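**Q** The following block contains the structure, expressed as structure tokens.
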Amino acid sequence: MAYNEYLADLVLQVLQNKNVFFEEKKMFGGLCFMVNDKMCIGIAKDKVMVRIDPEDYENLLEEPGAEPMTFTKKPMKGFLYINAEVIEEQSSLEKWIQRCLDFNPKAKSSKRKE
């Protein structure tokens with residue numbers, strides 16, 4: 001198992017309950033939830049990857065369970081990992097997902113033009 005399917009199901013349920021149109025995409029050995037063709041939230045092993053406003057990065061890094069996303073060996077500003085223990089609390093998961101959804105309209109798409 002490359003990613004925690006239980007966490008993926010929790011994220012899926014929250015997005016469905018919020019009536020958010022999304023696509024699931026397997027990437028980086030995990031699962032990513034794309035909103036408006038942009039990476040929004042994902043699951044990597046036992047952590048949730050959140051895409052947040054880079055301006056809020058330093059403040060959100062202070063939240064319980066948050067740590068830098070170091071997929072490329074150095075922190076990626078605008079992306080955080082959230083530990084599973086924190087996310088399993090429904091209100092915490094919903095809060096992090098809402099932050100991702102709030103930033104999504106401002107996020108740049110990596111979709112290539114044809």
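**Q** Looking at (1) of a type in the set (A, V, I, L, M); (2) at pLDDT 95 or above; (3) outside any helix (DSSP H, G or I), which one does Met1 not meet, given that it meets all the others?
**A** (2)
**Q** To continue, here is another question. Scanning the stretch 1-12 for residues that are surrounded by 12 or more Cβ atoms within 10 Å (Cβ to Cβ) and within 14 Å of the chain's Cα centre (by Cα), which turns out farthest from Gln90 (Cα to Cα)?
**A** Tyr3
**Q** Next question, about the same structure. Would you check which residues across the stretch 99-110 are surrounded by 14 or more Cβ atoms within 10 Å (Cβ to Cβ) and part of a helix (DSSP H, G or I) and list them? Break it down into steps so the answer makes sense when it comes.
**A** So in the stretch 99-110, the residues surrounded by 14 or more Cβ atoms within 10 Å (Cβ to Cβ) come out as 99-101, 103-104, 107.
The answer is Arg99, Cys100, Leu101, Phe103, Asn104.
**Q** A further question follows. Taking only the stretch 58-98 into account, find how many residues are assigned to a loop (DSSP other than H, G, I, E, B), among the small types (Gly, Ala, Ser) and under 23 Å from Asp9 (Cα atoms).
**A** Of all residues in the stretch 58-98, those assigned to a loop (DSSP other than H, G, I, E, B) come to 61-65, 69-78, 88-89.
Right, trim to among the small types (Gly, Ala, Ser) and you get 65, 78.
So of that shortlist, the ones also under 23 Å from Asp9 (Cα atoms) come out as 65.
Qualifying residue count, the stretch 58-98: 1.
**Q** Right, next: Looking at this structure, is Val20 part of a loop (DSSP other than H, G, I, E, B), surrounded by 15 or more Cβ atoms within 10 Å (Cβ to Cβ) and touching a residue at least 24 places away in the same chain (Cβ under 8 Å)?
**A** Numbers: part of a loop (DSSP other than H, G, I, E, B): yes; surrounded by 15 or more Cβ atoms within 10 Å (Cβ to Cβ): yes; touching a residue at least 24 places away in the same chain (Cβ under 8 Å): yes.
Spelling it out, Val20 is indeed part of a loop (DSSP other than H, G, I, E, B), surrounded by 15 or more Cβ atoms within 10 Å (Cβ to Cβ) and touching a residue at least 24 places away in the same chain (Cβ under 8 Å).
**Q** Take the residues in the stretch 36-55 that are in contact (Cβ under 8 Å) with a residue 60 or more places away in the chain and surrounded by fewer than 22 Cβ atoms within 10 Å (Cβ to Cβ), then tell me which one is nearest to the chain's Cα centre (by Cα).
**A** Applying the first criterion (in contact (Cβ under 8 Å) with a residue 60 or more places away in the chain) to the stretch 36-55 yields 36-40.
Next, only the ones that are surrounded by fewer than 22 Cβ atoms within 10 Å (Cβ to Cβ) stay: 36-39.
Numbers: Asn36: 14, Asp37: 14, Lys38: 11, Met39: 8 Å.
Looking at residues that are in contact (Cβ under 8 Å) with a residue 60 or more places away in the chain and surrounded by fewer than 22 Cβ atoms within 10 Å (Cβ to Cβ), I get Met39.
**Q** Also: Please determine whether any residue of the stretch 47-57 is more than 15 Å from Phe103 (Cβ to Cβ), at pLDDT below 95 and outside any strand (DSSP E or B).
**A** The answer is no; no qualifying residue exists.
**Q** Something else now. Output the number of residues of the stretch 40-57 satisfying the condition of being within 19 Å of Leu10 (Cβ to Cβ) and of a type in the set (Asp, Glu). Let's see the steps before the verdict.
**A** The first filter runs over the stretch 40-57 and keeps only residues within 19 Å of Leu10 (Cβ to Cβ), leaving 40-52.
Subset that is of a type in the set (Asp, Glu): 46.
The number of residues fulfilling the criteria is 1.
The values are calculated or read from the model by the stated rules, or taken from the named source; none is laboratory data. Keep in mind it's a predicted model, so treat the numbers as computed, not measured. Virtual Cβ from ideal backbone geometry, glycine too; neighbours counted across all protein chains shown.
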